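Single-structure report; data block below.
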Amino acid sequence: MLVFILKRLVNAVFVMMAVAFLAFAIFQVAGDPVEMLANEQMSQADRDALRDRMGLNDPMPVQFLRFVGNAAQGDFGMSYRNNQDVIGLIAERFPATMELVLVATLISLVVGIPLGILTAIGRGRWFAEGLQFVSIIGVSLPSFVVGIMLILVFSVILGWAPSFGRGEVVDFGWWSTGLLTPSGRAALVLPAISLSLYQITLIMRLVRAEMLEVLRTDFIKFARARGIPRRKIWFRHALRNCLMPVVTMTAMNVGVLIAFALITETVFQWPGMGMLFIQAVTFLDFPVMAAYLVIISFIFVLLNTAVDISYAIIDPRLRSAR
């Protein structure tokens, strides 16, 4: 088990080193950082001194190792646009993104699992086929189209929910949440639904496929032969045996939701990391772009490594298979 964990950790380190190299390459192809930070009144001597303080005169391997060491400590430099510490900017936006992603994940589980069960036990019936058709539409629609449609219907026409912003938030140290205020909860509804729609369809289809497979197994047939009620078979025996892939996919897709939240955040003007990244791309703020890439990749790698290790703990056969 220890060897398996070490292999997973080494793989994670190699992946993060590759991501760090890509983030470092952004700085190299973006041009001279000194020219982006300097103002018109700066003399050439001041520019040379700034370049020396930033270590830009050092060999490229030395610059890369310095970048990796600083990134490991959470130091990604200063934002070109805001002239603020990059990690401070991301820390301000991180709670908004995580709140949106966690609520969207909760919605996808609460809605997707029951719909998956319904389409499995009602296979061939009109409502099950209708839900399958709707799920195909949900997978196919781009998230920005869903967001715009939700704004048009529920904000513009019906006026039930705000169309942009995060509402009033409550601060707990560096963390902030809108779940404790009425305006914050109202502002969260539409972007969370928009972000969760794709996840709902995935969970629904996965639960349906796993449920149908479990219902064909011998122990389910034996339970039916014993006269166990159908509801008990569905929810106590079949459902419990098909939830492991759902939990795994949900955990791994948290990183996907964080990455793709930038589209939802842009549509709803949600002040999260995705919105910060879009602004960084617009104004060529390369330190923010590099930090976003590294942090999102770290979340992906962390979740995937945790899922691999938990699988190996649950099923010892996977330790030798990998």
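The values are calculated or read from the model by the stated rules, or taken from the named source; none is laboratory data. Here the structure is a predicted model, which is why all the values come from computation and not from measurement. Cβ atoms come from the backbone with ideal geometry, glycine included; neighbour counts cover every protein chain shown. For the accessible areas, the whole protein counts, side chains as well, though only heavy atoms, and no ligand, DNA or RNA atoms are used. Shrake-Rupley method; radii C 1.70, N 1.55, O 1.52, S 1.80 Å.
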(request) Sort out which residues of segment 154-166 are open to solvent by 60 Å² or more (accessible area, probe 1.4 Å) and either touching a Cys at 6+ places or on another chain (Cβ under 9 Å) or aliphatic (A, V, I, L, M) (or both), and write them in order of number. (result) V156, I157, L158
(message) If A187 satisfies all but one of (1) more than 20 Å from L106 (Cα to Cα); (2) assigned to a helix (DSSP H, G or I); (3) over 18 Å from the mean Cα position of the chain (by Cα), what's the number of the condition it fails?
(response) (1)
(request) Kindly establish whether F283 is surrounded by fewer than 18 Cβ atoms within 10 Å (Cβ to Cβ), modelled with pLDDT under 85 and over 21 Å from L197 (Cβ atoms). (result) yes
(message) With surrounded by fewer than 20 Cβ atoms within 10 Å (Cβ to Cβ) and part of a helix (DSSP H, G or I) as the only criterion, which of L202, L212 stands out?
(response) L212
(message) Suppose the filter is touching a helix residue (DSSP H, G or I) at 6+ places or on another chain (Cβ under 9 Å), within 30 Å of A120 (Cβ to Cβ) and open to solvent by 60 Å² or more (accessible area, probe 1.4 Å); does L141 pass it?
(response) yes
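Working carefully through the options I220, I228, find the one that is surrounded by 14 or more Cβ atoms within 10 Å (Cβ to Cβ), more than 26 Å from the chain's Cα centre (by Cα) and outside any helix (DSSP H, G or I).
The conditions single out I228.
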(request) Pick out the one residue from I87, I121, I107, I113 that is in contact (Cβ under 8 Å) with a residue 24 or more places away in the chain, open to solvent by 30 Å² or more (accessible area, probe 1.4 Å) and more than 26 Å from the chain's Cα centre (by Cα). (result) I121
(message) M16 - would you say it is open to solvent by less than 70 Å² (accessible area, probe 1.4 Å), at pLDDT 80 or above and under 30 Å from V169 (Cα atoms)?
(response) no
(message) I'm trying to understand the selection: among the residues of segment 251-280, which are touching a Pro at 6+ places or on another chain (Cβ under 9 Å) and either open to solvent by 50 Å² or more (accessible area, probe 1.4 Å) or not acidic (D, E) (or both)?
(response) A261, I263, T264, V267, F268, W270, G272, A280
(message) Regarding segment 293-313, can at least one residue be identified that is more than 20 Å from I5 (Cα to Cα) and modelled with pLDDT under 80?
(response) no
